[in-house]
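**Student:** Sending over a structure as structure tokens; questions will come in a sec.
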Amino acid sequence: MTHIVIIGCGIIGASIAYQLSKIEGLKITVLDKQAPAQASTGAALGVLMGVISQKVKGRPWKMRRMSVQSYHNLIPELEAKINRPISHNRDGILLLCLPGDDLDRWKKLVDIRQADGLPLEMWDIAQLRDRSPQIETSEVTAAIYSPQDFQINPVDLTLALVEAAQQNGVNFHFGVTVAEYNTIALPNNEYRCQQIRTKSLDPAKKAPVLADVNWLVVAAGLGSLPCLQGIKDGKLRSLQLKRKSNLDRKFTIVPVLGQALYLQGRSPLGNLDFQPVIIGDDVNIVPVGENEYWVGATVEFPDDAGEVVADSSRLDTVMERAISFCPSLADATVLRKWSGLRPRPEGQPAPAVGYLEGFKNVLLATGHYRNGVLLAPATAEAVEKMIVKK
């Protein structure tokens, strides 16, 4: 039986585990040092910008299209399997165009999507006021509405994927780290990982030894590269992703911090029966419950020393911008503030999905930056194809 070990149980690792669990003849083990969805997945708003993305060709567009279409089937499939709903908003995404935006480019995208059978609409100000009267339109020139894109709770989704994968026989081990990789050398300076020894973070619990590893999939977000140190010759001085073009690029993954606010308004924004995600000037206003909204998120890069520290003034700016689009948010109560780190690859386009350079059976599925939830189904499918092909 083919044994696949997955390191990392955020949205990417859980999606891969569930996708592979539907294939007969596979033994699947998932490892994580903490509970599911605690790192980058918990630092996501779950806004799925696929059809409304300006990507129109190549891998970036194909992954977006495949993922959005997959979600429309995946959500009811999971809800039926776990017998509970997964929190999500199917009212679409409404993007506000501002002065300086290229409306001709948006009109062209609408035509491209419609020719491809994908609904995408451009609204004038009158249509916008009628459908979403909560929006202040003084600086808005038009709006783009995508009914097929939507928003989903990333933590709820991840937990659902884990539960469904467990029902399919996947073994999950939380609170463990990798202590040692046992690899063998192959011809042409290549290696194969064949065994993993783990270490429990709870002294009272025994950590498993995973033998006969046929595939190792590393989907640990910001922890992906650090957890691979020690896999060959004591340590790897540089890690590379082996690409189909045979152009091996050295890359690192850097943390990018995001902050957001969870608000409760006095009343719903706009029409009660139409509550889309509103995006303007890269600020997201996300309806998530009765009169409750996420507002975010900031994009904060590391300083010269590599440190990322939350800047409260940036969160204030995001909130001010959200109020400029929806003035009634000024009366909302802040229930909590949130911040988290997202993995952004350098030297490799996001996401980094492929073989670890020098290894026959080690795959990376990481570095999704701000699109981890969006691209999770497409990433799982890509990993499945690489494994099944072999």
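**Student:** With each run of n ≥ 4 DSSP H residues scored as -39500 (n - 2.57), what mean residue ellipticity at 222 nm is computed for the chain after dividing by its residue count and rounding to the nearest 500 deg cm²/dmol?
**Tutor:** -9000 deg cm²/dmol
**Student:** Zone of residue 107 (label point 7 Å along Cα→Cβ, backbone N under 13 Å): which residues in the stretch 116-139?
**Tutor:** So the set is 122-124.
**Student:** Round to the nearest 10 and give me the degree value, 0 to 90, for the angle of helix 372-389's Cα axis relative to the longest principal axis of the chain.
**Tutor:** Computed tilt is about 30 degrees.
**Student:** Taking 0.36 nm per residue of sequence separation and subtracting the Cα-Cα distance, how much length would be gained by fully extending the chain between residue 312 and residue 84, in nm to one decimal?
**Tutor:** 78.4 nm
**Student:** For the stretch 118-183, take the alpha-carbon Rg, divide it by the Kirkwood Rh, and send me Rg/Rh.
**Tutor:** 1.34
**Student:** A further question on this structure: Given axes a ≥ b ≥ c from the Cα gyration tensor, I'd like to know whether the stretch 90-155 is rounded (a/c under 1.5), prolate (a/b larger than b/c) or oblate.
**Tutor:** oblate
**Student:** Compute the distance in nm between two label points, each set 7 Å from the Cα along the Cα-to-Cβ direction, one at residue 321 and one at residue 139.
**Tutor:** It is 1.0 nm.
**Student:** Expressed as a whole percentage, what fraction of the accessible surface of the chain belongs to carbon and sulfur atoms when a 1.4 Å probe is rolled over the protein heavy atoms?
**Tutor:** 47 percent
**Student:** By the gyration tensor of its Cα atoms, with a ≥ b ≥ c the square roots of the eigenvalues, what is the shape of the stretch 1-141: rounded for a/c under 1.5, prolate for a/b over b/c, or oblate?
**Tutor:** Note, shape of the stretch 1-141 comes out prolate.
**Student:** Tell me the per residue accessible area of the chain using a 1.4 Å probe; a whole number in Å² is fine.
**Tutor:** In whole numbers, the chain has 46 Å² accessible per residue.
**Student:** Here is a further query. Under 1.5 on a/c is rounded, so check that first for the stretch 1-53, then, if it is not, pick prolate when a/b is larger than b/c and oblate when it is not; a ≥ b ≥ c are the square roots of the alpha carbon gyration tensor eigenvalues.
**Tutor:** oblate
**Student:** Normalising by the residue count of the chain, find the relative contact order in percent from Cα pairs under 8 Å and 6+ residues apart.
**Tutor:** Relative CO of the chain lands at 24 percent.
**Student:** Search the structure for amide H atoms under 5 Å from the amide H of residue 218, placed 1.01 Å from N in the peptide plane, and list their residues when 5 or more places away or on another chain.
**Tutor:** The list, which skips near neighbours in sequence, is 7, 363, 364, 365.
**Student:** Do you know the Lys pair count in the stretch 1-64 for C-alpha distances under 30 Å, with sequence separation 8 or more or different chains?
**Tutor:** The result is 4.
**Student:** Follow-up. Arrange the peptides 29-36, 303-310, 167-174, 112-119 so that the one whose residues have, on average, the most other Cβ atoms within 10 Å appears first.
**Tutor:** The peptides rank, most packed first, as 29-36, 167-174, 112-119, 303-310.
**Student:** For the chain, with the dipole built from +1 on Lys and Arg beta-carbon atoms and -1 on Asp and Glu ones, taken about the Cα centre, which of 364, 271, 63 lies farthest toward the positive end?
**Tutor:** Of 364, 271, 63, it is 364.
**Student:** For residue 116 paired with residue 3, estimate the spin-label separation in nm (one decimal), with each label point 7 Å from Cα along the Cα-to-Cβ line.
**Tutor:** 4.2 nm
**Student:** Moving on to the next point. Need the list of aspartates and glutamates near residue 108 for cross-linking: C-alpha distance under 17 angstrom, and skip anything on the same chain fewer than eight residues off.
**Tutor:** 116, 121, 124
**Student:** Using θ = phi - 60° and the Karplus relation 6.51 cos²θ - 1.76 cosθ + 1.60, list the HN-Hα couplings for the stretch 96-113 in order, rounded to whole Hz, with x at every Gly or Pro.
**Tutor:** Each residue of the stretch 96-113 in turn: 8, 8, 10, x, x, 5, 7, 5, 4, 5, 5, 4, 5, 5, 4, 5, 4, 5 Hz.
**Student:** At 0.36 nm per residue, and after removing the present C-alpha to C-alpha distance, how many nm does the segment from residue 209 to residue 301 gain when stretched out fully?
**Tutor:** That works out to 29.3 nm of additional length.
The values are calculated or read from the model by the stated rules, or taken from the named source; none is laboratory data. A quick note: this is a predicted structure, and the numbers were derived from the prediction, not measured. Counting neighbours? That spans all protein chains shown, and the Cβs are built from the backbone with ideal geometry, glycine included. Accessible surface is based on the protein model in full, side chains and every heavy atom, while ligands, DNA and RNA are left aside. Shrake-Rupley method; radii C 1.70, N 1.55, O 1.52, S 1.80 Å.
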